[in-house]
Amino acid sequence: MITTPTKLVNAKRTKDSPVKSSLFRQSIRKLSKNKLAVSGFVVVILMFVACFIGPLFSPYTDNKINMAMMNKAPHLKHWLGTDALGRDVLTRVLLAGRISLTVGLASMMLSVFIGSLLGALAGYYRGIVDQIIMRIADLLLTIPSLPLLFIFGALLSEWKIPTDYRMYIVMLMLSFVGWPGLARMVRGQMLSLREREFMQAAVVLGLRDRRKLFNHLLPNIVPLLIVIATLNIGGAILSESVLSFFGLGVMPPTPTWGNMIDAANNMIDFQERPWLWIPPGFSIFATVIAINIFGDGLRDVLDPKQKR
Amino acid sequence: MSTYLSKRLIYMFLILFAASLLIFCLYALTPGDFISGNIKLTPERKAELRDIYGLNKPLLERYGIWMSNAFRGDFGFSLAQQKPVLQLFNEYIWNSFLLAVVSTFLTWVIAVIVGVISAYKQYSWFDTLVMVAIFAAMSIPSFFIGLFLIKILAVDLKWLPPGGMLTTGSNATGIAYLKEVIHHMTLPVVVMTLLGVGSLTRYFRSNMIDVIKQDYIRTARAKGLTERKVLFTHALRNALLPAITLVGFELPALFGGSLIIEKIFNWPGIGQLYMQSFGLRDYPLLMGFTMFIAILTVLGTLISDILYHVADPRVRLQ
């Protein structure tokens, strides 16, 4: 019954306008005019493709220790040289990219999920729920995040978490410090949205809370969430690299861009073998800058009010 | 205003109390302590030392002792350095402050100038260049740019020292001392400025763009004022005003040092002290530092809110 009016509206729209139009299509069209944002997007996609498909074409993925090829400077067979165990650095950078990008993406999704859910609950129910959630968020925002992450990292090492699992726990850690800021923002949006006319209509219709929250309120902040989420991936990749660089995040043998730069902590590697740590550093830089430029372009399109 | 302040102060107090509990638990529950890390000690001596430092008391009691001492301005005794934590802070904090104050000053000057020019010439090639530079500055991994610049400027070109505050073994005084410190702080200051300048330039640019569109700017131009006067006295003042709320947020950065930069450049600041103590599990110092930053953060937020009200009296404090 309820879907009929929407069907009618849609049917009418398709009849009148030759080109199908929706917020999504409009946004894409607007975004494609922004050259800077498009190039950012292209770089991000290239990075993902290179990291996830690239290693398949590399003859060195077996990570075999090759004593004859230790610490060789870049040359034709090894474009970015080899490391102390004779492994190809380019292949390792790409494999590390898989982990770094996955950690960035996953921890962003988790913190957006937690942040928007808790923020929405706080903003919608107000009162005691709001008090509890926002006081916890305030508390977490008070404690500096870097020492917090360091403590968690040290805990992981003390508990001898297997290196394979550390990656997942690092994701959890990053989203743990990431959600409060998001929750605060979503709550602010909710507080203003719930007073709008369409929400009064929803109340009059006697809709259930769940329906009001997920079908009427949350869709209104989806554009904003997409923007924040995109920009957050960059932040998460940076945080992961800092943690791994200090040996508190993802640990070798699982390579990430951060723990590859750890080579720079060795005096000789730092001074004599820059090919070991400069490529992963530039990979982080290139990825994050591309994500930020694309995210900013997205913001112009999806959330023009919040341009800052 | 006074009711607002008292309410705010009570809330701050509660938040800090909760933060202290959380910080204490996190550090206390981390397995291993300063004593167990020392393999030279016999088990009997370890037990004895734990007794002396009160590490074998129940958790709640230890928290109570820590908290009640903290209220009296005593954050305990660093186990590794055998000095009161606050005295250590006092020794190291001013080195951090030096770096932070110089780089913050540079950041603001550069951000205001570049922000104003690129807002005035919005969509010009200069503006596009600035936007790309802003994104670049916002995307740099701090530790990597530090290492990269050390490698190029200090190791390869030998223009600047790779780290520290003074040349090892140096006992320069007066002008020579000053010159040496400036020489050593150039690189960390450049990196810190670079890391901060992106977002601030962006902030000033967008503020300025908003202001330039206002009616009173058109009026000022219509009066026949010079463009310079319109831009710098009429527009810039109004664009700068909201920025005073940022001053509060700078507080933790000014006194809290920078863990990453100080570690990379081996700068004898409070962040470096923290990183050193972290490896040693010197808990009194670690807890003191984390608590100190938490206090600065809360204070900074309060200052920002009050300044926000000062800058724009329409914003009601409640």
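Derivation of every value follows stated rules applied to the coordinates shown; laboratory data play no part. These figures come from a predicted structure and were not determined experimentally. Cβ: placed from backbone, ideal geometry, glycine included. Neighbour counts: every protein chain shown.
Per-residue HN-Hα couplings for segment B:225-232, Karplus 6.51 cos²θ - 1.76 cosθ + 1.60 at θ = phi - 60°, whole Hz, x for Gly and Pro?
My calculation for segment B:225-232 gives 5, 5, 4, 4, 5, 4, 5, 8 Hz in order.
Rank these for me by crowding, B:TRP66, A:TRP159, A:TRP257, going from fewest to most other beta carbons within 10 Å.
Ranked by crowding around the Cβ, least crowded first: A:TRP159, B:TRP66, A:TRP257.
What's the Cα-based Rg to Rh of the protein assembly as shown, Rh via Kirkwood?
Rg divided by Rh gives 0.98.
Quickly estimate the mean residue ellipticity at 222 nm for the protein assembly as shown, helices only: each DSSP H run with n ≥ 4 gives -39500 (n - 2.57), and the total goes over all residues, rounded to 500.
Computed ellipticity for the protein assembly as shown at 222 nm equals -23500 deg cm²/dmol.
Any chance you could check the Cα centroid distance between segment A:72-114 and segment B:38-106 for me, in angstrom?
Measuring centre to centre over Cα atoms gives 39 Å.
Using a simple charge model, +1 on the beta-carbon of Lys and Arg, -1 on the beta-carbon of Asp and Glu, nothing else, what dipole does segment B:88-281 show about its Cα centre, in debye to the nearest 20?
600 debye
Using square roots of five times the C-alpha gyration tensor eigenvalues, list the equivalent-ellipsoid semi-axes of segment A:156-197 in whole Å, biggest first.
They are 37, 8, 5 Å, listed largest first.
In nm, give the distance between the simple-model label positions of A:ARG210 and B:ARG50, each being 7 Å from the Cα along the Cα-to-Cβ direction.
In this crude spin-label approximation the distance works out to 5.0 nm.
Hey, any idea what Rg/Rh is for chain A, computing Rh the Kirkwood way over Cα pairs?
1.06
Return B:TRP94, B:TRP125 ranked ascending by Cβ neighbour count within 10 Å, so the fewest neighbours appear first.
With the fewest neighbours first, B:TRP94, B:TRP125 line up as B:TRP125, B:TRP94.
When chain B is modelled as a GNM with alpha-carbon springs shorter than 10 Å, which of B:SER206, B:SER20, B:SER68 fluctuates the most?
With Cα springs under 10 Å in chain B, the top fluctuation among B:SER206, B:SER20, B:SER68 is at B:SER68.
Could you derive backbone 3J(HN,Hα) for segment B:20-25 from the dihedral phi with the Karplus parameters 6.51, -1.76 and 1.60 (θ = phi - 60°), listing whole Hz in sequence and x where the residue is Gly or Pro?
4, 5, 5, 4, 4, 4
Between segment B:12-27 and segment A:239-308, what is the C-alpha centre distance in whole Å?
32 Å
Along segment A:51-59, what does the Karplus equation 6.51 cos²θ - 1.76 cosθ + 1.60 (θ = phi - 60°) give for ³J(HN,Hα), rounded to whole Hz, x for Gly and Pro?
Listing the rounded values in order: 6, 8, 9, x, x, 5, 9, 8, x Hz.
For B:PHE34, which sequence-distant residues (separation of 5 or more, or a different chain) have an amide H within less than 5 Å of its own amide H, given hydrogens modelled in the peptide plane?
Here the answer is B:TYR283, since their amide H atoms fall under 5 Å of that of B:PHE34.
Tell me, what does the Kirkwood hydrodynamic radius of segment B:174-291 come to in angstroms if you use every pair of distinct C-alpha atoms?
After inverting the mean inverse Cα-Cα distance, the result is 17.9 Å.
Apply 1/(1 + (r/R0)^6) to the Cβ-Cβ distance of A:LYS35 and B:LEU5, taking R0 = 45 Å, and write down the FRET efficiency to the nearest 0.05.
0.35
Once fully extended, how much extra length lies between A:GLU197 and A:ARG25, figured as 0.36 nm per residue of separation less the alpha-carbon to alpha-carbon distance?
Working it through step by step, the gained length comes to 59.3 nm.
What is the log10 of I(q)/I(0) for segment B:88-281, computed with the Debye formula using one identical point scatterer on each Cα and no solvent, at q = 0.09, 0.12 Å⁻¹?
Log-scaled intensity ratios, in q order: -0.43, -0.70.
If each of B:VAL155 and B:ASP215 carries a label point 7 Å out from its Cα toward its Cβ, how far apart are those two points in nm?
6.1 nm
Taking amide H positions as placed 1.01 Å from N in the peptide plane, with prolines and chain starts having none, which residues 5 or more places from B:SER78, or on another chain, fall under 5 Å of its amide H?
It is B:LYS83, B:VAL85, by chain and number.
Using a 10 angstrom cutoff on alpha carbons, build the Gaussian network for chain B and name the most mobile of B:LEU79, B:LEU178, B:LEU21.
Top of the fluctuation ranking is B:LEU178.
Distance between the C-alpha centers of segment B:295-318 and segment B:197-216? Whole Å please.
21 Å
Using 1/(1 + (r/R0)^6) with R0 = 22 angstrom and r between the beta carbons of A:THR163 and B:ASN266, what's the FRET efficiency to the nearest 0.05?
E(calc), rounded to 0.05, equals 0.15.
Going by how many other beta carbons lie within 10 Å of each one, how would you line up B:PHE249, A:PHE245, A:PHE57, fewest first?
A:PHE57, B:PHE249, A:PHE245
Can you pull the three principal axis extents for the Cα set of segment B:34-174, in Å, largest first?
Cα extents, longest axis first: 72, 38, 33 Å.
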